[in-house]
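The structure appears right after this line, and notes come after that.
Computed from the coordinates by the stated procedures, all read-outs in this text should not be read as laboratory data. Note that the structure is predicted; figures quoted are calculated from it, not measured. Counting neighbours? That spans all protein chains shown, and the Cβs are built from the backbone with ideal geometry, glycine included.
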There are 2 protein chains.
Amino acid sequence: MKTLLAGLALVTCAAALCMPSIAAETPPALPPLNVPAKTLPVPTDVSPEMQQIIARPLRPDWDKPPTTADGWRELANKIAAAGSSHITGMTDRLRVDVQMDTIDGVKVYRLTPDQIAPRNANRVAIHVHGGCYVLNPRSSGLADALLLAAIGQMKVIAVDYRMPPDAYFPAALDDAMTVYRAVLKTTDPKKVAIIGASAGGALTLEMMLRAKQEGLPMPGAIAPGTPMADVTKVGDSFQTNAMVDNVLVSPDGFCDAATRFYANGHDLHDPMLSPVYGDMSGFPPAILTTGTRDLLLSNTVRVHRKLREAGVDAALQVFEGQSHAQFYRDDRVPEVKEAFKEIAAFFDKHLAQ
Amino acid sequence: MKTLLAGLALVTCAAALCMPSIAAETPPALPPLNVPAKTLPVPTDVSPEMQQIIARPLRPDWDKPPTTADGWRELANKIAAAGSSHITGMTDRLRVDVQMDTIDGVKVYRLTPDQIAPRNANRVAIHVHGGCYVLNPRSSGLADALLLAAIGQMKVIAVDYRMPPDAYFPAALDDAMTVYRAVLKTTDPKKVAIIGASAGGALTLEMMLRAKQEGLPMPGAIAPGTPMADVTKVGDSFQTNAMVDNVLVSPDGFCDAATRFYANGHDLHDPMLSPVYGDMSGFPPAILTTGTRDLLLSNTVRVHRKLREAGVDAALQVFEGQSHAQFYRDDRVPEVKEAFKEIAAFFDKHLAQ
């Protein structure tokens, strides 16, 4: 009876009587900012090639993600098919030899540019592709790997990690780690770079957290591009760049749905899904790349700040007017070449020869 | 008669007949992006202190600049008076001694922290304040100078340059150069840093352009914070962050009016007013600072890219959720300390001892 009364009192209190004092203890909610509708012209201070990319309309069906496992597989295959001639074109123009292989059971592509710089003779980069952990299967995720191989004149091993519906969290990370461990058997870790963008940027950071857990050495340098470092939708640019970023469009769009499909019920706050919440001390030198219209601008700059606070040699490059991951869309765009020259130079500075 | 006919033909052609072919030669206008109205919550991934700053409403009267010389002087004095206790508080908390002086006729403040780091014994920073070339007279522009003096533990000479309506373009730059030339008489240029934000960031860049013109040596390092590097309103964040940045608010606001008041009819494309159009080769190492909501985010990242293209060792830091120049607003804000620790470390790395 005593317990019941206490319980009743608590309920009554929570519902009405105690509200003023609870409210007094909680700081008052800070007022949001109401921003009127606006029309954004295509910026004039980027190359004509980048203007064409910025001028594209919002991604069609950004708010209509598949709702079934088969639906996701079909979407991934459809996008891969649509982009295959683009990847083939990049491969040809950049003169990169691409060979399929497996490393300890994980599918990979071995990329060899027609010219390997002498300083890179003993260096290798591991590439983890983007695509919200669900898209860009097989060669369709190779764009940034091709750019690094050709512009950086270095060998790249691109991990074609398992994806849903074939395998869920943490399969992508497991596969990337399998390749990293295998590479370490034959290569000085200081001669290894890791590169990835979007989900691949997150995977790059997650690999560092996992390597620390497993007592593996850090690689020589990493390039997490516009990383999906916080998939809990925390980050101001999720709001400021909503309906501005023509690739991701909205924090409530297809990429969020894909990530939850991969997470498969796992807590999205886990640093192995939202690495911004991980301990970044001891991370290797890192170069981050994003754009002013990127929905993940905040994700990227938060990781940069967190790396710097942890004492990591971290560089940030932000490109004018670009939405999510447009910095590696097409090798013929001057800003894309510029971004990869910077990444290659950063690797060259920090990797052992 | 022949000339007259030719003239008539040209007019006729321009007005009508030739239009189709002219239009055919011009690429079709790229479609703008229509962004709906939105409500931006105060981000949760910044300190409570920064949340309070981000939560402030848009600057009152941002679209009602003075229209007379006396009006500008009154506004500058009014803002300075309103902020004087804040500057006094910062000076006291940061334990910086501030002495008025003149150098070759230019008014300056000499800032001495209570502790000068031994490595900084022979180093000095020159500070040029912000305020759209018209605001922040006398000690009201000292905030970032105080932060550098205290957090960097180094001497700072803050230039209280002449401003309209007392003196117009290029008076501010002339005064800053007078101080720079005087400092060079007694100090190794490699032991000199230059720091400024907003108009002060632009002045820092303009000083480098002017020093090159005059054959003066470059200083050891510079910190142009969120520079007004393009006052012609080119830059994507002028649009994307319009009505989002609660400090500058709009490219058509008080700061644009103040800059035109300073320019006094001079071409705003002149690199001495829009230094992004200047030749930045040979510039010293530079650290740039901005925020994701900054109206000058694009100005800042464009300067960063331009410096990197010119081969300059340039670092970029972008703070989550911050509007224009909020990175030096208050010494009690964790992100402000963080920004200045970075700037001080950058100077320490690049200045000769």
Q: Please order A:GLU338, A:GLU49, B:GLU214, B:GLU206 by the number of other Cβ within 10 Å, starting at the fewest.
A: B:GLU214, A:GLU49, A:GLU338, B:GLU206
Q) Roughly how crowded by other chains is peptide A:46-55, in terms of the mean Cβ count from those chains within 10 Å of each of its Cβ atoms? A) 2
Q) Does the range B:62-350 classify as rounded, prolate or oblate by the C-alpha gyration tensor (a ≥ b ≥ c root eigenvalues; a/c under 1.5 gives rounded; else a/b over b/c gives prolate, otherwise oblate)? A) rounded
Q: Report the local net charge at A:PRO219: Lys and Arg +1, Asp and Glu -1, summed over other residues whose C-beta lies under 9 Å from its C-beta.
A: +2
**Q.** Test item: B:238-251 mean partner chain Cβ contacts at 10 Å
**A.** 3
Q: Could you tell me what percent of the DSSP beta bridges with both partners in the protein assembly as shown are antiparallel, to the nearest 5?
A: 40 percent
Q) For B:ILE222, which sequence-distant residues (separation of 5 or more, or a different chain) have an amide H within less than 5 Å of its own amide H, given hydrogens modelled in the peptide plane? A) B:ILE194, B:ALA286, B:ILE287
Q: List the residues of the range A:327-353 whose backbone N lies under 13 Å from a point placed 7 Å from the Cα of A:ASP188 along the Cα-to-Cβ direction.
A: A:350-353
Q) About its Cα centre, what dipole magnitude does chain B give when the only charges are +1 on Lys and Arg Cβ and -1 on Asp and Glu Cβ, stated in debye to the nearest 20? A) 420 debye
Q: Work out how much length A:SER47 to A:ILE79 would gain on full extension: take 0.36 nm times their residue separation and subtract the Cα-Cα distance, in nm to one decimal.
A: 8.9 nm
Q.
For the pairs A:LYS64/A:LYS107; A:LYS64/A:LYS233; A:LYS78/A:LYS107; A:LYS190/A:LYS337; A:LYS185/A:LYS306, flag any whose C-alpha to C-alpha distance is greater than 23 Å.
A. A:LYS64/A:LYS107; A:LYS190/A:LYS337; A:LYS185/A:LYS306
Q) Is the range A:139-238 rounded, prolate or oblate when judged by the Cα gyration tensor, a ≥ b ≥ c being the square roots of its eigenvalues, rounded requiring a/c under 1.5 and prolate requiring a/b larger than b/c? A) rounded
Q. Which of B:VAL192, A:THR259, A:ALA69 sits farthest toward the positive end of the charge dipole of the protein assembly as shown, with +1 on the Cβ of Lys and Arg and -1 on the Cβ of Asp and Glu?
A. B:VAL192
**Q.** Sites B:THR68 and B:MET100 - FRET efficiency at Förster radius 30 Å, r taken between beta-carbons, to 0.05
**A.** 0.55
**Q.** GNM flexibility winner over chain B from B:ALA37, B:ALA257, B:ALA193 (Cα, springs under 10 Å)
**A.** B:ALA37
**Q.** For a label point 7 Å along the Cα-to-beta-carbon line of A:ALA167, residues of the range A:239-261 with backbone N under 17 Å
**A.** none
Q: Count the net charge of all other residues whose Cβ sits under 12 Å from the Cβ of A:ALA121, scoring Lys and Arg as +1 and Asp and Glu as -1.
A: +4
Q: Calculate, for A:ARG332 and B:ALA310, the FRET efficiency according to 1/(1 + (r/R0)^6) with r their C-beta to C-beta distance and R0 22 Å; round to the nearest 0.05.
A: 0.40
Q. Counting only DSSP beta bridges with both residues in the range B:62-350, what percent are antiparallel, rounded to the nearest 5?
A. 35 percent
Q: Convert each backbone phi in the range A:162-178 into a coupling constant with the Karplus relation 6.51 cos²θ - 1.76 cosθ + 1.60 (shift: θ = phi - 60°), then list the ³J(HN,Hα) values in order as whole Hz, x for Gly and Pro.
A: 5, 9, x, x, 6, 7, 10, 3, x, 4, 4, 5, 4, 5, 4, 5, 4
Q) Most exposed first by the Cβ proxy, i.e. fewest other Cβ within 10 Å, how do B:ILE194, B:ILE53, A:ILE103 rank? A) A:ILE103, B:ILE53, B:ILE194
Q) Long-range amide H contacts for A:GLN317: which residues qualify at under 5 Å (H placed 1.01 Å from N, peptide plane, sequence gap of 5 or more or a different chain)? A) A:LEU288, A:THR289, A:THR290
Q.
If I model a spin label at B:ASP61 and A:LYS341 as a point 7 Å from the Cα along the Cα→Cβ vector, what separation in nanometres do I get?
A. 4.8 nm
Q) What residue among A:VAL134, A:VAL244, A:VAL46 has the largest mean-square fluctuation in a Gaussian network model of chain A, using Cα springs under 10 Å? A) A:VAL46
**Q.** Residues in the range B:282-321 that a label on A:LEU30 would reach, taking backbone N under 20 Å of a point 7 Å out along Cα→Cβ
**A.** B:290-297, B:318-321
Q. Between B:ALA29 and the same site in the other copies, what are the distances in nm, shortest first, taking label points 7 Å from Cα along the C-beta direction?
A. 4.1
Q: Among B:ALA352, A:LEU307, B:ILE54, flag the residue with its Cα farthest along the positive direction of the charge dipole of the protein assembly as shown, charges on Cβ as +1 for Lys/Arg and -1 for Asp/Glu.
A: B:ALA352
Q: Order by neighbour count: A:THR290, B:THR289, fewest other Cβ atoms within 10 Å first, most last.
A: B:THR289, A:THR290
(Q) Run the helix sum for the protein assembly as shown: -39,500 (n - 2.57) per DSSP H stretch of 4+ residues, divided by residue count, reported at 222 nm to the nearest 500 deg cm²/dmol. (A) -12000 deg cm²/dmol
Q) Placing a label point 7 Å from Cα toward Cβ, how far apart in nm is A:ASN122 from its equivalents in the other copies, listed shortest first to one decimal? A) 4.0
